[in-house]
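See below for the structure under consideration.
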Amino acid sequence: MRHLQCFLLCVLALPGIANGQESTSYALVEGSTFQRGCFAPCECPIGQEQPLTGSFSLAPVSDNGLFAEYAMSDVRWKVEGSSYATPPDAAITGAGTYTVGGEFAIQQQMQADLSIAGAAPEHFDSGRVAGGGGFPDRIDIEISEHGKVCFDTVIHVVAQAADCGSNVTYCPEPSSTALLASGAVVLALLYRRRAGSAS
């Protein structure tokens, strides 16, 4: 059954099938981690980094010649094992955006509204940071809720572009409700970013 579910996800990611856009599937690889707890300057417990597995998709939205923006959907990740203040093997779902480009140096930014273990979605953001030179083959970026200050949740995303033959280690069954929610989150993030640019 899991192989069938992964096959369906790959079909949804084929060019022209996802909202008429060309979509690329990405699989999380070694180096992807989840960590929750207290960072400087606060002093309280902090959990160890736990391996993170799963996949997501990127579809092009816009390209102004300087920065290219992609809608991130089908986020289906899983925290391997137990992490501080987090249920064991917690599932992470949601959607967001990924932007890459730059005039003098390549920069990247990932934003996402993510639900962890079924909790209400929280907003994660990397900020505009250096990196993205390996795109579109590879993405390496760190996102967090509060900029890695005091109590925070930090997710290190290391992803490789994947075809349908790739070994995706976590592939839960997608529901129609989850797919609709992901689309709504992407639209909300894009509207929020463009409204900010206009102000």
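The values are calculated or read from the model by the stated rules, or taken from the named source; none is laboratory data. None of the values given here were measured: they were computed from a predicted structure. When we count neighbours, we look across all protein chains shown, and the Cβ atoms used for this are built from the backbone with ideal geometry, even at glycine.
Just to be sure I understand the filter: pairs with C-beta atoms under 6 Å, separated by 6 or more residues or on different chains, first member in the stretch 34-50 and without any contact (Cβ under 8 Å) to a residue 40 or more places away in the chain and part of a loop (DSSP other than H, G, I, E, B), second member surrounded by 13 or more Cβ atoms within 10 Å (Cβ to Cβ) and charged (D, E, K, R). Which pairs pass?
Taking only residues 6 or more apart or on different chains, the pairs are Gly47/Arg36.
State whether one or more residues within the stretch 63-78 are part of a loop (DSSP other than H, G, I, E, B) and in contact (Cβ under 8 Å) with a residue 12 or more places away in the chain.
yes
Given the criterion surrounded by 18 or more Cβ atoms within 10 Å (Cβ to Cβ), outside any strand (DSSP E or B), free of Cβ contacts under 8 Å to residues at least 60 places away in the same chain and out of contact with any Phe, Trp or Tyr (no Cβ under 8 Å at 6 or more places or on another chain), identify the matching residue among Gly127, Gly132, Gly147.
Gly132
Looking at the stretch 87-124, which of its residues are surrounded by 20 or more Cβ atoms within 10 Å (Cβ to Cβ) and either at pLDDT below 95 or part of a loop (DSSP other than H, G, I, E, B) (or both)?
Ala90
How many residues does the stretch 81-100 hold that are free of Cβ contacts under 8 Å to residues at least 24 places away in the same chain and of a type in the set (A, V, I, L, M)?
Adding up the residues that qualify gives 0.
Every residue, every condition in (1) under 18 Å from Asp137 (Cβ atoms); (2) at pLDDT below 95; (3) in contact with a strand residue (DSSP E or B) (Cβ under 8 Å, 6 or more places away or on another chain); (4) small (Gly, Ala, Ser), yes or no:
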position: Glu22; (1), (2), (3), (4): yes, yes, yes, no
position: Pro41; (1), (2), (3), (4): no, yes, yes, no
position: Pro45; (1), (2), (3), (4): no, yes, yes, no
position: Glu69; (1), (2), (3), (4): no, no, yes, no
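When both residues are 6+ apart or on different chains and their Cβ atoms are under 6 Å apart, which pairs have a first residue that lies in the stretch 101-118 and is within 16 Å of Asp63 (Cα to Cα) and among the small types (Gly, Ala, Ser), and a second that is at pLDDT 95 or above and exposed (fewer than 15 other Cβ atoms within 10 Å of the Cβ)?
Taking only residues 6 or more apart or on different chains, the pairs are Gly101/Leu66.
Restricting attention to the stretch 135-144, which residues are of a type outside the set (Asp, Glu) and either crowded, with 18+ Cβ neighbours inside 10 Å or in contact with a His (Cβ under 8 Å, 6 or more places away or on another chain) (or both)?
From the stretch 135-144, those of a type outside the set (Asp, Glu) are 135-136, 138-139, 141, 143-144; that's our starting set.
Phe135, Ile139, Ile141, Ile143, Ser144 - these are the residues of the stretch 135-144 that are of a type outside the set (Asp, Glu) and either crowded, with 18+ Cβ neighbours inside 10 Å or in contact with a His (Cβ under 8 Å, 6 or more places away or on another chain) (or both).
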